[in-house]
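Working notes for the structure below.
What follows is calculated from the coordinates using simple rules that are stated; it is not laboratory data. Note that the structure is predicted; figures quoted are calculated from it, not measured. Every residue, glycine as well, gets a Cβ built from its backbone with ideal geometry; the counts of neighbours run over all protein chains shown.
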Amino acid sequence: MDWFHCNQCFTRRGPLFAVSSCGHVCCEACIKSKQCSVCGASCRYLPITDEMKPQEKVFFKDPVKLIQSELQHISQIALFQRTQMERVAAHFKHRSVELERRLKEVAEQGYRQLSELKRENAALKKQLSELKRETAELKKPLSQRRVSPGQFQTDG
Ligand SMILES: [Zn+2]
Ligand SMILES: [Zn+2]
């Protein structure tokens with residue numbers, strides 16, 4: 001970190017640095033207890049170590065790297081959400097295909113039944129007209145019938 005130095009003696013080397021509650025960075029040699037050696041304000045010091053809390057650590061990280069890691073995090077979130085949406089879309093697409101297939105099946109079944117009924121209706125119409133003809137024949141006086149009663153006689 002190029003910018004990192006003691007605000008009092010401006011050294012960049014040392015085993016321990018601390019940041020004061022008034023926002024000044026001091027090396028171990030420049031730290032005074034309960035008072036900032038830079039501005040003189042009464043303050044507390046936070047040692048700059050790996051044990052700092054994440055919200056404290058970010059102040060000492062490279063902003064470019066912060067943005068990169070944040071972007072990576074955001075892209076993970078976006079990927080997660082896209083996967084979820086794709087899953088839902090795939091489900092509805094599958095269901096739509098299934099419904100279309102069933103609709104086609106039902107329609108074909110309907111057409112089959114309709115043509116069967118048409119065939120049956122034609123056969124019944126034919127039977128009806130035959131029966132009408134037979135009835136008309138039976139209503140005629142015996143003398144006018146084309147078939148003479150003798151033909152119906154059986155032996156005995
Ligand atoms: Zn110093
Ligand atoms: Zn200060």
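Can you find even one residue in the range 13-28 that is within 15 Å of ligand 2 (Cβ to nearest atom), free of Cβ contacts under 8 Å to residues at least 12 places away in the same chain and farther than 19 Å from residue 52 by Cβ?
Scanning the range 13-28 turns up no residue that is within 15 Å of ligand 2 (Cβ to nearest atom), free of Cβ contacts under 8 Å to residues at least 12 places away in the same chain and farther than 19 Å from residue 52 by Cβ.
Going by the conditions given, is residue 53 away from ligand 1 (no atom under 13 Å from the Cβ), under 25 Å from residue 64 (Cα atoms) and without any contact (Cβ under 8 Å) to a residue 24 or more places away in the chain? Even if it seems obvious, please write down each step before you answer.
On the way: away from ligand 1 (no atom under 13 Å from the Cβ): yes; under 25 Å from residue 64 (Cα atoms): yes; without any contact (Cβ under 8 Å) to a residue 24 or more places away in the chain: yes.
So residue 53 passes the test.
Screening residue 46 with (1) among the hydrophobic types (A, V, I, L, M, F, W, C); (2) exposed (fewer than 11 other Cβ atoms within 10 Å of the Cβ); (3) closer than 19 Å to residue 15 by Cα gives one miss only, at (2). If you go through the range 35-49 and pick out every residue that is out of contact with any strand residue (DSSP E or B) (no Cβ under 6 Å at 6 or more places or on another chain) and either more than 9 Å from ligand 2 (Cβ to nearest atom) or among the acidic types (Asp, Glu) (or both), you end up with 2.
Only one of the numbered conditions (1) within 14 Å of ligand 1 (Cβ to nearest atom); (2) surrounded by fewer than 18 Cβ atoms within 10 Å (Cβ to Cβ); (3) part of a strand (DSSP E or B) is violated by residue 9, and that is (3). Taking only the range 33-58 into account, find how many residues are small (Gly, Ala, Ser) and touching a Lys or Arg at 6+ places or on another chain (Cβ under 8 Å). Within the range 33-58, residues that are small (Gly, Ala, Ser) and touching a Lys or Arg at 6+ places or on another chain (Cβ under 8 Å) number 1.
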